[in-house]
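A.B. asks: Before I ask anything, here is the structure I am working with.
Every number in this text was worked out from the coordinates using simple rules, so none of it is lab data. Just so you know, these numbers come straight off a predicted model, no measurement behind them. Cβ atoms come from the backbone with ideal geometry, glycine included; neighbour counts cover every protein chain shown.
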Amino acid sequence: MATLRTAAKIGLVAMGIAAGACSNSNGGGTGGIPADVKSIMFLQRVARTDTGNVFDYTSYEPGARLVTLSPPSADGKLEVLTKTTSAFNFDSADIMSYDLSFDAKAVVFSAKLTSNDRFHLYSMNLDGTDLKQLTSGDDDYVYPIYVPGQKILFMTSKSVEPDASQFRDEYERQTTAQVGTINLDGTAETLGPRNVSHRVSPALLPNGRVLYTEWRHMGMVNDGHLRMMNEDMTGMREAFGGEDGGNGGTNSYLKARVVQSDASNIQLIAIGTSRDRTLQAGKLLLVNLNASEELSKFTDITPLVPGGREPSALGVGRFYDAEVIGAPGDQNFLVSWADGPVESEILGMANSNANFGIYTYSAKSKQRSPIFDDPAFWDVLARPIKARAEPAPTSSPISGTSTTLAALNVYDSTVDRNIAPGSIVKVRLIEGFSGEEGIRTFGSTEFDGQSLYGEVAVNPDNSFAAKVPGNVPFHMQLIDKFAMSVVNESIWISGRAGEQRVCGGCHEDRAKQTAIAPGVQEALLRGAVDLDTPRPTRVSTDYSYGAIKGVPWDLAIQPALTARCATCHDGDASKPGNPSYTIMDRTTMTMQTFTFDLRGDKLPVTVGEKMGGDFTASYISLMGLGEMLGEDLVEITELHPGDYQPNGYVSAGSAKDSKVIQMLNPMQRFPAVDTNVRAFGATVHPTEVGGQGMTADELYRLILSIDMGGQYFSRENKTEAANP
Amino acid sequence: MKTYNIGTKLVLSVALFGMGGVFAAGTAQAGHNGSPALIKSAIASNSVDAIEAELERSEYLVCAACSDLVTPLVDHLDYRVRKVAAWWIARRGINKQVYVAMLGRLSQPDSFLARNAADVLGELGFSGAVPALSAAMSNPIYSAEARAAMARALGSIGRPDAVPALVDVLASPDPAVKAGALSALRQIQGFRQADAATPLLTDSDEQVRAEAALTLGAVLRTGKTGVQPAGVSQLLATLATDPSADVRKKAAWSLGEMGAPASMAATGLQAAASQDPNPAVRSLAHIAISKLTR
């Protein structure tokens, strides 16, 4: 039975009554709903506190149902669409998302029928007829939306590569969700390119493109930004989050819905919140995509709602989702909102739940008006039941099985606007992978697994083109003649098998137009260097230049350190060049002294909770203990001033910024090795103290290891990672 | 001599914010901003979500006291908590100590402890656990739930050397163990012995039959290296006669997923697509027809 929220909800009393007292300027409907909205659909899910992470898609509590409410008011007629019948049982189902068809006569939804099941896609007419199950199998299919051309787009844990496991996020541990499409009847399943982490929460834009939330996760980057793609899963690019979103925005943006659009802008309403603990609820943000992410802007229309994961206050609460109603310019929304502390820890302590109900919300007056609330459920994702325009399908040509990547001018980059002309000689392309390959932690830095595809020469006109395996995330670095990364954008890129992605530059100024002379692009693509090799071959069999793929520290780096460095750097603090410091863990009062040591023996770390013996003394000496020390109660005492280097001698992800590389002073690598040309002045270590310097290949391996994140484990030594 | 006090800032922050801790909007850093107080608070809340979030956040936290807080979570009643506790432990030096302790639990008779040990070992992912898990999985002293957890752990570790033990327990009298083993086999890279699942299409337990049907399709998925459709006639019999709609759905799906020959499977699937009493079976049979090899 439907009930209005009771007076026990102090926040509602405080604000809802006031909202109810406001006049309705939207044409005389109920509680601010326009009169032409005769009926709404929404999802009723059993309350829970285990779905705080914005990327979670597997939370299951039986008892969900899709309902319609006509008229949309508390005394309207509530009808359950997902009724159990003699032919089909929804009694134990949870439903996580749904979408209405363009003609508003059918619905597609993602439901898990029993605890042993997975989330799968179903469709049915709103009159209850023509129920179909559209997917099956051992993977989850979630977040379905109708897209133009009689198709449904969704996210799934099924891997597009039959012989490769789906990525398992190394940080959050879950099997990632990636994009796919099917026909309306479930046939023609097509799976799209993969990201190393999740993609969730898609929404169709008026221009036929699809917006979605992507977990960006490389090194210290860890956020959920809005990106967009064609409905055929090509042309993925940034939409919002990296630039204006960084100006006081939130960590993650999700459940975006279109408010209005014109030729120059698409305006969205989206939830902005912390990555975790907020039950996927947060602020309401109006986002103007404008022409590019660089120009995108947002407005916080619920400024009192916390943007982080702190408990929301009574009367403030958090919003679960929003849908524009009425004239877009009026900025009225149908929303789901819950009062009080919408934060899983506080709710857990109180043995309580957030109670999402349906309201209208005026962005102008900042007031809510209650429409419906059944305290037994989360009442969420309310949508007016009315037809909407179907845009034209959006797609890109698909040909072959590789992804082709090209840039017309590698110097056109906003990552570094001051790249010296002529300094970039090659483009390095790197494959990404994660915990699904059996490596639980790759090293002491925060990077995912990486493996080199190869390095492609920049053409005389500053362009480049290469083919890499389709559907596999990759990363790109611009490298100089010393083989060091000069520009390193901290995101993974995806392309479908057969997709050709041609950019003006490498993360170029996206606010400007790129003019392409006729025939230039075609010629560039014809000359693409083929780096697409079968998955089983993407592992180093030797570590020489041109052959190396992954860089296992103990196999690829240590031999050179042992041969060139370990005689002096042997952990003896009495020798020059062996800085020493002592760490005292103030929580346990245990101590350990670390002395610079480039030998290959495993070094047990015995202070702090990150103590372990997975890594060699050389790895710990060069990488430092920064990541392992974290932020807690340790006291560090140096033997000599400067002995403790907080970040070690390596800047993970950037060889050129790493002290060890600056000291070793690499020789020119391209176009040919030239030991007389050095990257950092004339002094070369250890030659200046009578030692034998590293060879070009040895230096290259160390540079590559650092540029790829400075990880200890890779595919080549993962057997070691799998054993204590 | 110079001394750095790395932890000063955090100590101050915890003192100011108390239970609520330090909250940060904007770009969060992976595995940072955790603290012993926040972990303790999350555990006290018993919120699975809060515990997961807090342990993830403290991925890089140095805190000796925290292991005393987190290690007991390996015996939490919720599987997700056991799993995230093991993940946190896997990133710390105590992982070897916990690993040894969990292996030890597979040599004692308590099924609760053994089940939890299996969950932890699965998350730790050390391949050295495969023999002990394999042996314990076939030991009837443990409950079916514990042995199913051992199968799940072997699937999570994903090593091919677990295959013989997993195939062996397909003959177990316990449906949960058989179902768990079938699920685990699907996770093992390179596993192609789909015929091991075929006899279980006629098992008396509905869940086992469903898992067997699922296994055939998943293992023989079109596009995998070195696979040919197999078990087609058995799947067609299941599709036509199994009393469970769930099993029939999975049989239909598997026939399509493996790209069964149209000459063998089209008629049976067409019959299911038009005549099965369950609408989901009908729609999945229709989809499977579109995937048959012609």
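A.B. asks: Using every pair of alpha-carbon atoms in segment A:537-596, split the distances into 5 Å bins beginning at 0 and state the percent of pairs per bin, rounded to integers.
C.D. replies: Distribution as computed: 4, 16, 15, 14, 12, 12, 12, 9, 5, 2 percent.
A.B. asks: Which one, A:PRO671, A:LEU205, A:ILE346, is farthest towards the positive end of the dipole of chain A when Lys and Arg carry +1 and Asp and Glu -1 on their Cβ?
C.D. replies: A:LEU205
A.B. asks: Here's a follow-up. Share of antiparallel DSSP beta bridges in chain A, in percent to the nearest 5?
C.D. replies: 95 percent
A.B. asks: Also, quick follow-up: For A:GLU522 and A:ALA457, calculate 0.36 nm times their separation in residues minus their Cα-Cα distance, and state this gained length in nm to one decimal.
C.D. replies: Answer, rounded to one decimal: 21.6 nm.
A.B. asks: So what's segment A:417-491 giving for Rg/Rh, alpha carbon basis, Kirkwood Rh from the mean inverse pair distance?
C.D. replies: That ratio equals 1.02.
A.B. asks: Please state the Cα pair-distance histogram of segment A:260-319 with 5 angstrom bins from zero: what percent is in each bin?
C.D. replies: Using 5 Å bins, I get a P(r) of 4, 21, 23, 19, 14, 11, 6, 2, 0 for segment A:260-319.
A.B. asks: Just tell me, in residue order, which DSSP H segments of chain B are both 15 angstrom or longer along the helix axis (alpha-carbon based) and at least -1.0 in mean Kyte-Doolittle hydropathy.
C.D. replies: Going by DSSP H runs, the hits are B:79-90, B:94-105, B:111-124, B:144-157, B:175-187, B:206-219, B:245-257, B:262-275, B:279-291.
A.B. asks: Within straight cross-link reach of A:LYS83, meaning Cα distance under 21 Å, which lysines are found once same-chain residues fewer than 8 apart are removed?
C.D. replies: Cα-Cα hits under 21 Å: A:LYS105, A:LYS112, A:LYS132, B:LYS249.
A.B. asks: Determine by what factor the alpha-carbon radius of gyration of segment A:449-501 differs from 2.2 N^0.38 Å, reporting the quotient.
C.D. replies: Ratio of Rg to 2.2 N^0.38 Å for segment A:449-501: 1.19.
A.B. asks: Extent of chain B along each principal axis, from alpha carbon coordinates, in Å, largest to smallest?
C.D. replies: Per principal axis, max minus min of the Cα coordinates gives 81, 46, 34 Å.
A.B. asks: Moving to a separate point now. Test of understanding: express the Cα radius of gyration of segment A:154-193 as a ratio to 2.2 N^0.38 Å, with N the residue count.
C.D. replies: The value comes to 1.26.
A.B. asks: Diagonalise the Cα gyration tensor of segment B:97-152 and give the resulting equivalent ellipsoid semi-axes, square root of 5 times each eigenvalue, largest first, whole Å.
C.D. replies: In descending order, the three semi-axes are 15, 11, 10 Å.
A.B. asks: Rounded to two decimals, what ratio of Rg to Rh does segment A:127-167 give with C-alpha atoms and a Kirkwood Rh?
C.D. replies: Checking Rg against Rh, the ratio lands at 1.05.
A.B. asks: Separate question: Calculate the translational D of chain A in whole µm² s⁻¹ from Stokes-Einstein, where the hydrodynamic radius comes from the Kirkwood formula applied to all Cα pairs, the temperature is 4 °C and the viscosity 1.567 mPa s.
C.D. replies: 47 µm²/s
A.B. asks: Quick one: if the Förster radius is 25 Å, what FRET efficiency do A:ASN723 and B:TYR79 give, using the C-beta to C-beta distance and rounding to 0.05?
C.D. replies: 0.50
A.B. asks: What's the magnitude of the charge dipole for chain B around its Cα centre, counting Lys and Arg as +1 and Asp and Glu as -1 at the beta-carbon? Answer in Debye, nearest 20.
C.D. replies: For this selection, approximately 780 debye.
A.B. asks: Starting from the Kirkwood Rh over alpha-carbon pairs, what translational D in µm² s⁻¹ does segment A:178-233 have by Stokes-Einstein at 20 °C and 1.002 mPa s?
C.D. replies: Reported coefficient: 175 µm²/s.
A.B. asks: A further question follows. Projecting each Cα onto the charge dipole of chain B (Lys/Arg +1, Asp/Glu -1 at the beta carbon, about the Cα centre), which of B:LEU77, B:VAL98, B:ALA171 comes out farthest on the positive side?
C.D. replies: The Cα lying farthest towards the positive end belongs to B:VAL98.
A.B. asks: Quick check for me: using +1 on Lys/Arg Cβ and -1 on Asp/Glu Cβ, what's the dipole size of segment B:156-294 about its Cα centre, in debye to the nearest 20?
C.D. replies: 580 debye
A.B. asks: Separate question: Taking the Cα centre of the protein assembly as shown as origin, sum charge times position over the Cβ atoms of Lys and Arg (+1) and Asp and Glu (-1), and report the length of that vector in debye to the nearest 20.
C.D. replies: Taking the Cα centre of the protein assembly as shown as origin, the dipole is about 880 debye.
A.B. asks: Moving to a separate point now. Which FRET efficiency value, to the nearest 0.05, is calculated for A:SER395 and A:ASP163 with the Förster distance at 22 angstrom and r the Cβ-Cβ distance?
C.D. replies: Given R0 = 22 Å and the Cβ-Cβ separation, E is 0.25.
A.B. asks: So if I average 1/r over every pair of distinct C-alpha atoms in segment B:121-183 and take the inverse, what Kirkwood radius in Å does that give?
C.D. replies: By the Kirkwood definition, the hydrodynamic radius is 11.0 Å.
A.B. asks: Right, another one. Given a Förster distance of 22 Å, report the FRET efficiency between A:ASP542 and B:ARG192 from their Cβ-Cβ distance, rounded to the nearest 0.05.
C.D. replies: After rounding to 0.05, the efficiency reads 0.15.
A.B. asks: State the answer as a single residue: which of A:GLN267, A:VAL305, A:ASN195 lies farthest towards the positive end of the charge dipole of segment A:174-305, with beta carbon charges of +1 for Lys and Arg and -1 for Asp and Glu, about the Cα centre.
C.D. replies: Of A:GLN267, A:VAL305, A:ASN195, it is A:VAL305.
A.B. asks: Tell me the label-point distance for the pair A:ASP657, B:ALA44, using the 7 Å Cα-to-Cβ offset, in nm and rounded to one decimal.
C.D. replies: 3.9 nm
A.B. asks: Using a simple spin-label model with points 7 Å from Cα along the Cα→Cβ vector, what separation in nm is obtained for A:SER365 and B:ALA240?
C.D. replies: The answer from the label model is 6.7 nm.
A.B. asks: Can you give me the C-alpha center-to-center distance between segment A:227-297 and segment A:96-149, rounded to a whole angstrom?
C.D. replies: About 25 Å separates the Cα centre of segment A:227-297 from the one of segment A:96-149.
A.B. asks: Across segment B:176-294, what fraction of all alpha-carbon pairs, as a whole percent, falls in each successive 10 Å bin from zero upward?
C.D. replies: For segment B:176-294, the pair-distance distribution reads 17, 50, 30, 4.
A.B. asks: If the limit is 27 Å between Cα atoms, which of A:LYS297/A:LYS386; A:LYS659/B:LYS83; A:LYS255/A:LYS364; A:LYS467/B:LYS291 go over it?
C.D. replies: Beyond 27 Å between Cα atoms: A:LYS297/A:LYS386; A:LYS659/B:LYS83; A:LYS467/B:LYS291.
A.B. asks: How shielded is A:161-168 by partner chains, expressed as the average number of their Cβ atoms within 10 Å of its Cβ atoms?
C.D. replies: Mean shielding by partner chains, rounded to a whole number: 3.
A.B. asks: Can you check what the Kirkwood hydrodynamic radius comes to for segment A:65-109, Cα pairs only, in Å to one decimal?
C.D. replies: In segment A:65-109 this quantity evaluates to 12.0 Å.
A.B. asks: Let me ask something else. Helix A:696-707: angle to the longest alpha-carbon principal axis of chain A, degrees 0 to 90, nearest 10?
C.D. replies: 30 degrees
A.B. asks: So, one more: If you consider only alpha-carbon coordinates, what radius of gyration and Dmax does segment A:131-201 have, in Å?
C.D. replies: For segment A:131-201, the Cα-based Rg and Dmax read 12.2, 38 Å.
A.B. asks: Would you calculate the convex hull of the Cα atoms in segment A:654-709 and tell me its volume per residue in Å³?
C.D. replies: Hull volume over Cα atoms, normalised by residue count, gives 75 Å³.
A.B. asks: OK, next. Treating the Cα atoms of segment B:40-98 as identical point scatterers in vacuum, please give the log10 of the normalised Debye intensity I(q)/I(0) at q = 0.20, 0.22 Å⁻¹, two decimals.
C.D. replies: Values returned for q = 0.20, 0.22 Å⁻¹ are -0.65, -0.79.
A.B. asks: If you line up the Cα atoms of segment A:401-458 on their principal axes, what length do they span on each, largest first, in Å?
C.D. replies: Projected onto its principal axes, the Cα set of segment A:401-458 covers 42, 32, 17 Å.
A.B. asks: Which log10 I(q)/I(0) values, to two decimals, does segment B:75-126 give at q = 0.15, 0.29 Å⁻¹ under the Debye formula with one point per Cα?
C.D. replies: -0.33, -1.16
A.B. asks: Quick check: pseudo-label points 7 Å beyond the Cα along Cα→Cβ at A:THR675 and A:ASP130, how many nm apart are they?
C.D. replies: 7.6 nm
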